[in-house]
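Nothing in this text is a laboratory measurement; each read-out follows from the coordinates by a stated rule. The structure displayed is predicted, hence computed values, not measured ones. Glycine also receives a Cβ, built like all others from the backbone with ideal geometry; neighbour counts cover every protein chain displayed.
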Amino acid sequence: MTYEIRLTPGAEADIRRLDPVIARRVISKLQWLAENIETVRHEALGAAWQGVFKLRVGDYRTLYTLDAPSRQIVVHFARNRREVYKL
């Protein structure tokens, strides 16, 4: 079962700011996640980030939520690990 990937405006801006090679890796990993959504162990965040999951791509983290009824992965941020949790 494949999910659709939806980027928020903030996530689109984050990906545009990334180096092109890193951006391709992030997009590729998101596509892989969408195709393998049911077999992946989602890494949930805690505290203020309740309901948000992270996807690791080297030193970068993509924070996303799942919208099961509409079968979407909603990507909120794609930033370096030093920056992403300071939001």
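Each residue of region 7-22 was assigned a 3J(HN,Hα) from its phi angle through the Karplus expression (A = 6.51, B = -1.76, C = 1.60, θ = phi - 60°), giving 9, 6, x, x, 5, 4, 5, 4, 5, 5, 7, 6, 4, x, 5, 5 Hz with x at Gly and Pro.
For chymotrypsin sites (Phe, Trp or Tyr not before Pro), the sites in the chain that DSSP calls loop and that have at most 15 other Cβ atoms within 10 Å are 85.
For region 4-81, calculate the relative contact order in percent as a whole number, restricting contacts to Cα pairs under 8 Å that are 6 or more residues apart.
Worked out over region 4-81, it gives 36 percent.
Size of the chain from its Cα atoms: along the principal axes, largest to smallest, the extents are 31, 30, 22 Å. Build a GNM of the chain with springs between Cα atoms under 10 Å apart, and of 25, 41, 17 the one that fluctuates most is 41. Of the GluC sites (Glu not before Pro) found in the chain, the ones in coil according to DSSP and having at most 15 other Cβ atoms within 10 Å of their Cβ are 38.
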